[in-house]
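Below is one structure, written out as structure tokens; comments come after it.
The values are calculated or read from the model by the stated rules, or taken from the named source; none is laboratory data. Being a predicted model, the structure only gives us computed values, none of them experimental. Every residue, glycine as well, gets a Cβ built from its backbone with ideal geometry; the counts of neighbours run over all protein chains shown.
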Amino acid sequence: MSIQIADRVARLGTETAFAVSAEAAAFAARGNKIYPFHLGDMNIITPANIIEAAHKAMIDGKTGYCSNFGIAPLREALAADINASHTADYTIDNVAIQPGGKPVIGKFILAMMNPGDEVLYPNPGYPIYESMIEFHGGKALAYGYTEGEENYRIDIAGLRRLISPKTKLLIINDLQNPTGAECSDQEYDALRQIVLENDLTVLVDEAYFDIRYEGASRSFASLPDMAERCLILYTFAKKFAMTGWRLGAAVGPTEIVDVIAKLNVNDESCSNHFNQYGAIEALTGDQSGAETILEILKERRDVTVDGLNAIDGVHCFCPHATFYLFPNVTDLMKRRGFDDYDAFRRDALEATGVSFCTRLHFGRALPGETNRYIRFAYSGIDVPDIRDGLAKLKAYWDS
Ligand SMILES: Cc1ncc(COP(=O)(O)O)c(C=O)c1O
């Protein structure tokens, strides 16, 4: 007998950054020092008051199932938190707690996309969008970015050219992984016009909304007439260093949230019960832990940006949010005689122990794309190692 896997699995993508992790781990296992800039995980522990609240909930017996929507006090606290930061008007009915932010992507697509529908998504971007669109039988339309003066800009003209009568959904990841891009007022206006003209529903991925070092984050869902068309992906993972807790939420119109809660019943019944008490403490308790996390990340950003820009042939913007950098290395790759991204990445790893992702871990290169980029995440590496690793990289690449 031969096992016959279903045809749709051929369309299922993955996060190839995990393969970079495995390579880095194998390199470290051979006794080498590794400088991990590849994964968006965090080497910062969750603030103690949050851990204590979840622990207490366990001791208190919150160890059984709970509502498929999540526990009411958490949904209330999250609606209040988002209302304050977004100037919005959500209630408990607009919130369905999820086992992480990531599941919101697949569930939004399952809820809103018929096979054959077209979905606009960012590329370079989080690879799960394309994976879920194609897995569920949709057509993934990749829109790109261009280099602006201070950061990357969405290629609005290119995005417009992709739209057809079959285009139903738009995915926006403002404060973006991997570029750190942030929409300007003009980009927001243009995207809003596009949404209204083409009657689109929008997934607003706000995974990095609260990972901001200067200025204030804004939500596309808060623009006029957008709340009724936008589902927000919220996550506890980054702001409170809770990546392994697997806790997030879908926040938006009740019509969509109700379908997502029904998908919860089918997928996981409910999100982890006692963790949700930790999340209430995260939102409503002492905020000094979250503030410290931001301070740590900001220092890492500054050191990493400076270190990268000190290397000949590297140009790196300094984003105000996220914990990612997406330097342009076109000149560097040319100077060092590399055309192949993976060969370039492996060469640097072998020579210096510095591990990073490349543009291709965030989607196929778009037609006409000639510039070269790599991605550095500074969420999982301390400042002394950042300095040390980047000094080694500079010595190697400048040689
Ligand atoms: C853009 C983006 N969206 C969503 C997620 C999912 O986050 P989580 O499932 O850990 O909440 C991530 C994680 O890295 C991300 O980068």
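The residues of the stretch 96-140 that are part of a helix (DSSP H, G or I) and away from the ligand (no atom under 14 Å from the Cβ), listed by number, are LEU110, ALA111, MET112, ILE133, GLU134, PHE135. Checked against (1) within 16 Å of the ligand (Cβ to nearest atom); (2) in the same structural domain as ALA216 (by TED's automatic domain parsing), ALA77 passes all but condition (1). With respect to (1) more than 17 Å from ILE386 (Cα to Cα); (2) out of contact with any helix residue (DSSP H, G or I) (no Cβ under 6 Å at 6 or more places or on another chain), the lone exception for ILE296 is condition (1). Close contacts from the stretch 206-218, counting a first residue that is touching a residue at least 12 places away in the same chain (Cβ under 8 Å) and a second that is within 10 Å of the ligand (Cβ to nearest atom) and among the hydroxyl-bearing types (Ser, Thr, Tyr), with Cβ to Cβ under 7 Å and a gap of 6+ residues or different chains, come to GLU206/TYR234; ALA207/THR235; TYR208/THR322; ILE211/THR322. For the stretch 231-239, indicate whether the set of residues that are within 15 Å of the ligand (Cβ to nearest atom), more than 15 Å from the chain's Cα centre (by Cα) and more than 26 Å from ILE50 (Cα to Cα) is non-empty. Yes, that holds for at least one residue. Considering (1) in the same structural domain as PHE37 (by TED's automatic domain parsing); (2) more than 26 Å from ILE381 (Cα to Cα); (3) at pLDDT 95 or above; (4) not in a helix (DSSP H, G or I), the lone condition that SER269 does not fulfil carries the number (1).
Among residues that are surrounded by fewer than 21 Cβ atoms within 10 Å (Cβ to Cβ), within 16 Å of the ligand (Cβ to nearest atom) and in a helix (DSSP H, G or I), SER85 is not included.
Go through the stretch 211-222 and report how many residues are in a loop (DSSP other than H, G, I, E, B) and either touching a Cys at 6+ places or on another chain (Cβ under 9 Å) or over 30 Å from ALA241 (Cβ atoms) (or both).
Of the residues in the stretch 211-222, the ones in a loop (DSSP other than H, G, I, E, B) are 211, 213-219.
With the extra rule that they be either touching a Cys at 6+ places or on another chain (Cβ under 9 Å) or over 30 Å from ALA241 (Cβ atoms) (or both), the set shrinks to 218-219.
Count: 2.
Quick check: anything in the stretch 245-254 of a type in the set (S, T, N, Q) and not assigned by TED's automatic domain parsing to the domain that holds HIS320? Among the residues of the stretch 245-254, at least one is of a type in the set (S, T, N, Q) and not assigned by TED's automatic domain parsing to the domain that holds HIS320, which makes the answer yes. Among the conditions (1) of a type in the set (A, V, I, L, M, F, W, C); (2) within 16 Å of the ligand (Cβ to nearest atom); (3) over 22 Å from GLU182 (Cα atoms), PHE274 misses just one, which is (2).
ASN43 - would you say it is within 16 Å of the ligand (Cβ to nearest atom), among the polar types (S, T, N, Q) and touching a Ser or Thr at 6+ places or on another chain (Cβ under 8 Å)?
Values: within 16 Å of the ligand (Cβ to nearest atom): yes; among the polar types (S, T, N, Q): yes; touching a Ser or Thr at 6+ places or on another chain (Cβ under 8 Å): yes.
Here the answer is yes, as ASN43 does meet what is asked.
Where strands (runs of 3 or more DSSP E) fall wholly inside the stretch 141-210, the ranges with 3 or more residues that are touching an Asp or Glu at 6+ places or on another chain (Cβ under 8 Å) and within 16 Å of the ligand (Cβ to nearest atom) are 167-172.
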